[in-house]
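Worksheet: one structure, shown below.
The values are calculated or read from the model by the stated rules, or taken from the named source; none is laboratory data. Everything numeric here is computed off the predicted structure, so don't read it as measured data. Note that each Cβ is placed from the backbone with ideal geometry, even for glycine, and that neighbours are counted across all protein chains shown. Note: areas computed on protein heavy atoms with side chains; ligands, DNA, RNA excluded. Shrake-Rupley method; radii C 1.70, N 1.55, O 1.52, S 1.80 Å.
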Amino acid sequence: MKRVLVRAPKGKEQTVLVFPLVHLVRDNFGEETKIDIVCERDDAELYSMLDVEASIHVIPESKQTISGIHHYCYNNCDVFNVDLFLDLTDTFKGSFLGFCFRSKERVGYNRGLKSIFINRKKEDELLNSFSDRYIHLFKDYNKVDLNSYVITKKGNENNNVISMEISPYMLIITNGFFLNSLWKGFLEKLSGIKVIVWDQNESEARHLELVSMSLLPTLEISVDIRGSLTELVTLALFSKVVITDVDWAANFLSYKGSEVVLLKNSSEQFQTTRYYPNIPKTVLYKESVIEQMIAADVKSPVTNEQQLVDYIFASYF
């Protein structure tokens, strides 16, 4: 049995781009592989939603010094006999953690002082995709054709999703309607449809925003107030489509198999990965004006809110 330890990068946007690598580890080494992931506290819930069995270990902020990392590893009795360590942080402290866990093979990019703790050095090919950069570290162990590789679901995955019988609805995820006036123009053109708004942290704030937007009474909107990721997956999988302006949510729900449309400022970078079962469809806008929609099935231009609404109704309802 192989034991693989991953030091994960920080942030939800990065977290969801690590998922393909974890699947690739399992697909190469088999179901019996023991996978351990060391991550930040704020990212642990997302890693717990992986469709691959993995043990999640949170490293406290107070332990993220050289002495703290040594103490953390020495006292973490759950991680031992590590065969392969992958440093996805590309930092001195990240590679030091693999060294402290006494990993037999420690893989990372050959750069700077950090490389003294790496015994399987990879040259940096300056890949633009974070997902591909992570997978490149695993290249020497991979037997899968990446040109055709797509994450596949096993029969028992998503088994925490509760069956729901509900009228067709759209799921919306946003950190704030007022941050982008495109939302109001879009919602004003919807009618005769149920909308659920999910927010993990500020459901009350989202509710107050919607009240102040004075939307048509023919639009039924409810705000979810519980906000766990398990509930989010359930809501997303039973919705007709997810509309969001949150990058990590677009990638996470695409990974879970949902149909997702991402509203994205064209001046800001968005990264997804070709290994997801679904790829988020992207509506690019500038100063709240839609410029174009990027999706394989778009047959006519989408350059305003009404055309976006027409596309969504034609495609999903």
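Scanning segment 51-75 for residues that are part of a loop (DSSP other than H, G, I, E, B), open to solvent by 20 Å² or more (accessible area, probe 1.4 Å) and not charged (D, E, K, R) returns A54, P60, Q64, T65.
Checked against the criterion of being part of a loop (DSSP other than H, G, I, E, B), open to solvent by less than 70 Å² (accessible area, probe 1.4 Å) and not aromatic (F, W, Y), segment 15-24 contains not a single residue that satisfies it.
Count of segment 119-142 residues, restricted to those that are part of a loop (DSSP other than H, G, I, E, B) and hydroxyl-bearing (S, T, Y), is 1. Considering segment 102-131, and only residues there that are within 21 Å of the chain's Cα centre (by Cα) and either open to solvent by 50 Å² or more (accessible area, probe 1.4 Å) or without any contact (Cβ under 8 Å) to a residue 40 or more places away in the chain (or both), the residue that is nearest to L253 (Cα to Cα) turns out to be F130.
Looking at segment 166-241, what strands (runs of 3 or more DSSP E) fall wholly within it and have at least 2 residues that are closer than 19 Å to Y311 by Cα?
Values: elements: 169-173, 194-198, 220-223.
Counting at least 2 such residues, we get 169-173, 194-198.
Scanning segment 230-256 for residues that are small (G, A, S) and open to solvent by less than 10 Å² (accessible area, probe 1.4 Å) gives A236, A249, A250, S254.
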